[in-house]
Amino acid sequence: MDGRTGSGYRPVASIVALTVWFCALAGWVPEGASQDPRPQAIVEKAFPHSNKCKRCHERVFEEWELSPLSKSIHSPAFRASLDLFLKSPGGKDKSLCFRCHAPHVRAAPDHVPLFIDQTMSGDPSLDGVACSQCHLIKQVDRTKHPPEPNYETDSKILYGPYKDAVQNLAHQSKEADVFQKSDLCLNCHQSVPSAVNLGKANDLLGDWDKSRAVKVGRECQYCHMPEQVGESANGEKKRKVANHTFPGRIGKLRQEAAKLDVYTQVEGEKTTVRVTVQSLVPHNLPTTHPGWATVMLNLEVKGKNLKTVFADSRTYGRTYLNAKGDKTVFDFEAVKVLDDTVLKPEEMRVETFSFPTPKDTRTFDVEVTLNYGPITGPASFLERVEAESSKGSQDPVFQPIEIVKRTENVPVGK
């Protein structure tokens, strides 16, 4: 991660003022200067806020701002889930959710109340997953479960994938191999700490490390931080840089997550549709956190006047049981995985649907859609998410997200 002054830079009156300005930019207070004792000031001294990075890294900031990572502690769904977690038996470990949603809590365990208060405010000024939460990671300890990021906040060095970091006064930059490896992502995406007692049964990614993608050397960044040409820092010479929108469920990348093949056979009064679902990703589809994460295969048959005459679906996801033996979508309540229909890495699955052949028509339409499913859960939970969202029931979490769709017109025959 590089930094240099942008086009908005103005000369200052003295070298002292220049030094103070750059210290403020990086979030560091010179020794002997007055320090703000508030918890947020302490946290942001170690982990400078992303707004300070924006001054020199506008392109990267604007991409990140569009990404799901920027909403890690801002979404109504997370806020409502956190509230339920804190009231649950597992909620005694108040920092648990933040280890992924605001991973710098690991380096600030004494300030967990700050993270909670900021999140529950509905408009946190504290970062969740942003620039320093990743670029202060020097290495990741894969021997721990989940993998543990090792932050280095004392040296004031920001780490990244580039060998030729541009020297600047805002911060030092240093290459770290971990930024080219999946290890960087695994400390949050390998497992759900709250459901670790479920072991392999609740593995989020599946056997991703045995996939064809890994065998040819493709790490997480290959798909989720695709290479592009642009500036890393304002005014820098354009070169190959990583995209920071983190495409996946959001973005066009999802259209490459799976493919569908549809075969329809009409046999008199009975019709059979066989749908082959081929996962094209090297990890589980979906990666089942949050616990309500599902992928839905929907079949709709339209007969005369395009009237729907048959509809059915299949759900790919996990169903949990809590300690009372009730079904739950909250993995922090889970004591058992009741059912697992998740598409495993690069898995092919065939689904069969049978229905009466549509009457009084020469042809009928078969529409097959693979979607990411909308949020599910208890009515009280969904009502709260809706109430706290500025978009209400139109919040994206309540809408299915299309992955791929196939439509064909089928003749009934003589």
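The values are calculated or read from the model by the stated rules, or taken from the named source; none is laboratory data. Please read all numbers here as calculations on a predicted model, not as lab measurements. Glycine also receives a Cβ, built like all others from the backbone with ideal geometry; neighbour counts cover every protein chain displayed. Ligands, DNA and RNA are stripped out before the accessible areas are found, and what is left, the full protein with its side chains, is counted by its heavy atoms. Shrake-Rupley method; radii C 1.70, N 1.55, O 1.52, S 1.80 Å.
Odds and ends about this structure:
- Criterion (at pLDDT below 95 and either loosely packed, with under 15 Cβ neighbours inside 10 Å or out of contact with any helix residue (DSSP H, G or I) (no Cβ under 6 Å at 6 or more places or on another chain) (or both)) met by exactly one of Y316, Y320: Y320
- Failed item in (1) over 29 Å from V397 (Cβ atoms); (2) surrounded by fewer than 18 Cβ atoms within 10 Å (Cβ to Cβ); (3) in contact (Cβ under 8 Å) with a residue 24 or more places away in the chain, with Q278 passing the rest: (1)
- Complete set of residues in region 89-124 that are open to solvent by 60 Å² or more (accessible area, probe 1.4 Å) and of a type in the set (S, T, Y): S121
- All positions within region 60-83 that are surrounded by fewer than 18 Cβ atoms within 10 Å (Cβ to Cβ), touching a residue at least 12 places away in the same chain (Cβ under 8 Å) and in a helix (DSSP H, G or I): P68, K71, D83
- Residue that is least open to solvent (accessible area, probe 1.4 Å) [pool: residues in region 340-362 that are β-branched (V, I, T) and within 24 Å of N284 (Cβ to Cβ)]: V342
- Evaluating L86 against the criteria (1) open to solvent by 30 Å² or more (accessible area, probe 1.4 Å); (2) of a type in the set (A, V, I, L, M, F, W, C); (3) farther than 25 Å from V329 by Cα leaves one unmet condition, (3).
- Out of K259, K238, K215, sole residue that is open to solvent by 40 Å² or more (accessible area, probe 1.4 Å), over 19 Å from the mean Cα position of the chain (by Cα) and more than 26 Å from M348 (Cα to Cα): K238
- Residue pairs meeting the criteria (Cβ under 9 Å; at least 6 apart or on separate chains; first of a type in the set (V, I, T), in region 211-232; second surrounded by 15 or more Cβ atoms within 10 Å (Cβ to Cβ)): V214/S182; V214/W208; V214/P282; V229/V241
- Each residue in region 323-355 was checked for being out of contact with any helix residue (DSSP H, G or I) (no Cβ under 8 Å at 6 or more places or on another chain), touching a residue at least 40 places away in the same chain (Cβ under 8 Å) and closer than 30 Å to K215 by Cα, and 8 of them qualify.
- Filter result (open to solvent by 20 Å² or more (accessible area, probe 1.4 Å) and of a type in the set (A, V, I, L, M, F, W, C)) within region 185-197: C185, C188, V196
- Any hit, region 363-378, residues being open to solvent by 40 Å² or more (accessible area, probe 1.4 Å), in contact (Cβ under 8 Å) with a residue 60 or more places away in the chain and outside any loop (DSSP other than H, G, I, E, B): no
- Search result, residues across region 379-414 that are of a type in the set (S, T, N, Q) and either buried (at least 18 other Cβ atoms within 10 Å of the Cβ) or within 30 Å of F85 (Cβ to Cβ) (or both): S380, S389, S390, S393, Q394, Q399
- Yes/no for F246 being among the aromatic types (F, W, Y), within 30 Å of R218 (Cα to Cα) and open to solvent by 20 Å² or more (accessible area, probe 1.4 Å): yes
- From the list Q139, Q180, the one residue that fits, being over 30 Å from D331 (Cβ atoms) and either touching a Lys or Arg at 6+ places or on another chain (Cβ under 9 Å) or open to solvent by 70 Å² or more (accessible area, probe 1.4 Å) (or both), is Q180.
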